[in-house]
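The values are calculated or read from the model by the stated rules, or taken from the named source; none is laboratory data. If you're wondering where the values come from, they're calculated on a predicted model, not measured in any experiment. Virtual Cβ from ideal backbone geometry, glycine too; neighbours counted across all protein chains shown. Keep in mind that these areas ignore ligands, DNA and RNA; they rest on the heavy atoms of the full protein, side chains included. Shrake-Rupley method; radii C 1.70, N 1.55, O 1.52, S 1.80 Å.
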Amino acid sequence: DDGGPLLTVRDLTVRYGGVLAVDSLSLAVPPGRIVGLIGPNGAGKTTAIDAISGFARATGSVALGDQDVSTLRPHERVRAGLGRTFQAIELYEDLSVRENVSVGLTAGASRRQAGSSRSEEVAATLTLLRLTAVADRPAGELSQGQRQLVSIARALVGRPRVLLLDEPAGGLDTVESHWLGQRLRDIRAAGVTILMVEHDMSLVLSLCDEIHVLNFGKVIAHGTPAEIRSHPAVAEAYLGST
Ligand code: ATP
């Protein structure tokens, strides 16, 4: 790549019946950054992630580096380097953390390093997310914070270039949310670019390099955490929705 954005979304539009869930969304995610997507309930954040990952039918374009992935199916976008998590975490409760993470290495989905075995890839991912101590525990025994990290590990083990996270701090307490933030910084330091939807404003403001604010499917503000914190349209969108 040429130093341009790693993920480029142009004029992305999703209609559900008469509802414009995402309305001409354009955004660019530079490599090595954590970019936040925030906004009131129903603003279209999850739909935007669904459209970028290929789960929702959309018009407009999505490019990963210089590869246009707009026409690819979800699993093909994973193979191209676009990983994601879901708001509702689904783990195999009776399987171990290690086995749950291995699921992310299904044939074709993985971009793993040549010469590195599957078990080495899983072990490296568990180390990065500090899950090694619970690697052999059944997923059903984990805390919500640990479950979230396992779902992220499963998306990360295939070595995505961009990781799309849908509300990673959902259902987490403040201690777990802080811990999650540290792990997301570690992931960024490991060279993975992140676009995340998140409601926890203290996490978003402390973690993200840039933030886009959605309201009624449109970007109403874009800037650094400091700029977003003092943006009048942002306060209005949030106050107007409560
Ligand atoms: P939240 O913060 O509550 O998760 P959100 O910003 O993620 O909200 P979306 O879930 O993307 O918002 O919803 C955007 C709009 O699209 C809403 O009006 C919602 O009702 C509508 N919508 C979302 N999914 C569907 C669907 N599958 N069918 C019909 N309408 C939908």
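What do you get when you divide the Cα radius of gyration of the chain by 2.2 N^0.38 Å, with N the number of residues?
For the chain, the normalised Cα radius of gyration comes out at 0.98.
Restricting to DSSP loop positions (anything but H, G, I, E, B) with no more than 11 other Cβ atoms inside 10 Å of their own Cβ, which GluC sites (Glu not before Pro) remain in the range 24-102?
Of the GluC sites (Glu not before Pro), the ones in loops of the range 24-102 whose Cβ has at most 11 other Cβ atoms within 10 Å are 90.
Using a/c under 1.5 as the rounded threshold, could you call the range 1-110 rounded, prolate or oblate? The axes a ≥ b ≥ c are square roots of the C-alpha gyration tensor eigenvalues, and prolate needs a/b larger than b/c, oblate otherwise.
In terms of gyration-tensor shape, oblate.
How would you classify the range 156-218 from its alpha-carbon gyration tensor, with a ≥ b ≥ c the square roots of the eigenvalues: rounded for a/c under 1.5, else prolate if a/b is greater than b/c, otherwise oblate?
Since a/c reaches 1.5 but b/c is at least a/b, the shape of the range 156-218 is classed as oblate.
Take the alpha carbon gyration tensor of the range 88-187, find the square roots of its eigenvalues, order them as a ≥ b ≥ c, and report rounded if a/c is under 1.5; if not, report prolate when a/b exceeds b/c, else oblate.
prolate
With every protein chain left in place, what is the accessible area per residue of the chain in square angstrom, probe 1.4 Å?
Value for the chain: 46 Å² per residue.
In whole percent, and with a 1.4 Å probe on the protein chains, what portion of the accessible area of the range 1-149 is carbon and sulfur?
47 percent
Residue 222 versus residue 26, label points 7 Å from Cα toward the beta carbon: distance in nm?
0.8 nm
What trypsin sites (Lys or Arg not before Pro) in the range 1-105 are in a loop by DSSP, with at most 14 other Cβ atoms within 10 Å of the Cβ?
Answer by residue number: 57.
Given a cut-off of under 8 Å on Cα pairs at least six residues apart, what relative contact order in percent is computed for the chain?
The normalised contact order for the chain reaches 27 percent.
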